[in-house]
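A.B. asks: There's a structure below that I have some questions on.
The values are calculated or read from the model by the stated rules, or taken from the named source; none is laboratory data. Remember, predicted model here, so these are calculated numbers, not experimental data. FYI the Cβ positions are ideal-geometry reconstructions off the backbone, even for glycines, and counts take in every protein chain you see.
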Amino acid sequence: MKVDFYRHQLGEKNLQRVARVLDSIFLTTGQETALFEEKFAAYLGQKHALGLMSGTAALHLALLALDVGPGDEVITTPMTFVATALAIMHTGARPIFVDVEPDTGNLDVTRVAAAVTPRTKAILPVHLYGQMVDMRALKALAQEANLFLIEDAAHCLEGERDGVRVGELADAACFSFYATKSITCGEGGALTTNLDVLVEPLKKLRTHGMSTHAEDRYTGRYRHYDVDVEGWKYNMPNLAAALLIDQIDEIESRRRERERLARFYREHLAHLPGLELPTLLPGVKQGHHLFTIWVDPARRDAILWGLQEKGVGVAVNYRPCHLYTLFRERYGHQEGDFPHAEQIGQRTISLPLYPGLRDEEAEYVADSVRQVVQSRG
């Protein structure tokens, strides 16, 4: 049997909305993007949402809008996709890594205060695998130290912890609609905020710093534009928004199906010698973006390859950022700097987890994991 690591759930309804955009004359940012933004903000209970071209763009613009720049430091986690750290570097600031909790992989909030310096401007937590960081504790720390708080919620748009939803306590929250995310347009992202003062600057920053947008200029009497800030080409077009709009209605049903499949995996892989699972905290609404197993680091690659030989799609989420060549050479990071993140990075394997995964496929994946973990030396 062959089990893909991921298969999207886009269907006829999504295609019909795209077809309507194709039949129109306006493919770039316009009414469909505005409709997506309104619907996405309403789902999250946020005042504002901006459609963008990637989650990385969302992180970058959030930092820029909050005046993070050269000489500043932003505290974040090394256990994340490299985009989190790169977005900080794109502003000229430096990512300051803090080690993670050994049982969840999330940023260890108890270590953050010690990393704060006079140069610290913001804290950027990542909700790893779909489980929220302790945002109440981080918010209290950010307020005490007068720091901005930006959430990387690429894994966790559905999340809730301690009665707090994603984005609720942050200055901005950032989302990805990459191919494997809960809702997808292949490549895309969004930023949400409750801060009215950020909205117009963000709209400028996502379109080259221009004072008017294409729809404003071409749907009525032509209006000349000015450019008074250095902006970027990050705006979400109508075509991408059209793919996303109706998926918002399916966010919760898809999450419940991933939760059911994750529960199946946990039941079938629990107590398997040589394998551990990240801790699911009680009372937390999990996004279940990834299902990750942790194995003996000396055997990880052999197990990874063994699953591939059985036709099971796998991934590694993640190798810790600080050990990539860029961060070693630029900031002097080395092995031993963040041992919990390093240990997870050496042990981790992600298994297929998505609503289209059939029960017999999930069974085959679990059986394959048991066989390979027990046999690979």
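A.B. asks: Taking the condition of being buried (at least 16 other Cβ atoms within 10 Å of the Cβ), more than 23 Å from the chain's Cα centre (by Cα) and of a type in the set (Gly, Ala, Ser), how many residues in the range 335-366 meet it?
C.D. replies: Number of matching residues: 2.
A.B. asks: Related question: For His340, work out the one condition from (1) touching a Pro at 6+ places or on another chain (Cβ under 7 Å); (2) part of a loop (DSSP other than H, G, I, E, B) it doesn't fulfil.
C.D. replies: Of (1) touching a Pro at 6+ places or on another chain (Cβ under 7 Å); (2) part of a loop (DSSP other than H, G, I, E, B), only one is false for His340: (2).
A.B. asks: Moving to a separate point now. Considering only the range 319-375, state which residues are in contact with a Leu (Cβ under 7 Å, 6 or more places away or on another chain) and within 21 Å of Ala270 (Cβ to Cβ).
C.D. replies: Once the filter is applied, which keeps residues that are in contact with a Leu (Cβ under 7 Å, 6 or more places away or on another chain) and within 21 Å of Ala270 (Cβ to Cβ), the range 319-375 yields Ile349, Ser350, Leu353, Leu357, Ala362, Val365, Ala366, Ser368, Val369, Arg370, Val372, Val373.
A.B. asks: Now, a different point. Just to confirm my filter: which helices (runs of 4 or more DSSP H) fall fully inside the range 1-84 and include at least 1 residues that are aromatic (Phe, Trp, Tyr)? Before the answer, list the steps.
C.D. replies: Details: elements: 12-22, 31-44, 55-65.
The qualifying helices (runs of 4 or more DSSP H) are 31-44.
A.B. asks: A further question on this structure: Got at least one residue in the range 256-264 being under 30 Å from Glu32 (Cα atoms) and either touching a strand residue (DSSP E or B) at 6+ places or on another chain (Cβ under 7 Å) or surrounded by fewer than 16 Cβ atoms within 10 Å (Cβ to Cβ) (or both)?
C.D. replies: Looking for residues that are under 30 Å from Glu32 (Cα atoms) and either touching a strand residue (DSSP E or B) at 6+ places or on another chain (Cβ under 7 Å) or surrounded by fewer than 16 Cβ atoms within 10 Å (Cβ to Cβ) (or both), one finds at least one in the range 256-264, hence yes.
A.B. asks: Is it the case, given these coordinates, that Ile303 is among the β-branched types (Val, Ile, Thr), farther than 16 Å from His155 by Cβ, at pLDDT 95 or above and in contact with a helix residue (DSSP H, G or I) (Cβ under 6 Å, 6 or more places away or on another chain)? So that I can check it myself, show each step before the final result.
C.D. replies: Numbers: among the β-branched types (Val, Ile, Thr): yes; farther than 16 Å from His155 by Cβ: yes; at pLDDT 95 or above: yes; in contact with a helix residue (DSSP H, G or I) (Cβ under 6 Å, 6 or more places away or on another chain): yes.
Yes; evaluated as a whole, the condition is true for this residue.
A.B. asks: Let me ask something else about it. Which one is nearest to Glu168 (Cα to Cα) among residues in the range 100-157 that are in a loop (DSSP other than H, G, I, E, B) and of a type in the set (Val, Ile, Thr)? It would help to see each step written out before you state the result.
C.D. replies: Within the range 100-157, the first condition is being in a loop (DSSP other than H, G, I, E, B), and the residues that meet it are 101-106, 108, 112, 116-119, 125, 127, 131-134, 146-147, 153-157.
With of a type in the set (Val, Ile, Thr) added as a condition, the list becomes 104, 112, 116-117, 133.
Working: Thr104: 22, Val112: 20, Val116: 23, Thr117: 26, Val133: 13 Å.
Per the stated criteria, the residue is Val133.
A.B. asks: Another question, if that's okay. Mind checking whether some residue in the range 293-307 is in contact with a Cys (Cβ under 7 Å, 6 or more places away or on another chain) and either under 30 Å from Arg165 (Cβ atoms) or part of a loop (DSSP other than H, G, I, E, B) (or both)?
C.D. replies: no
A.B. asks: Separate question: Condition first: buried (at least 20 other Cβ atoms within 10 Å of the Cβ) and either assigned to a helix (DSSP H, G or I) or of a type in the set (A, V, I, L, M) (or both). Now tell me which residues in the range 85-95 satisfy that.
C.D. replies: Ala85, Ala87, Ile88, Ala93
A.B. asks: Would it be correct to say that Thr292 is among the hydroxyl-bearing types (Ser, Thr, Tyr), surrounded by fewer than 16 Cβ atoms within 10 Å (Cβ to Cβ) and in contact with a Ser or Thr (Cβ under 6 Å, 6 or more places away or on another chain)?
C.D. replies: No, not satisfied.
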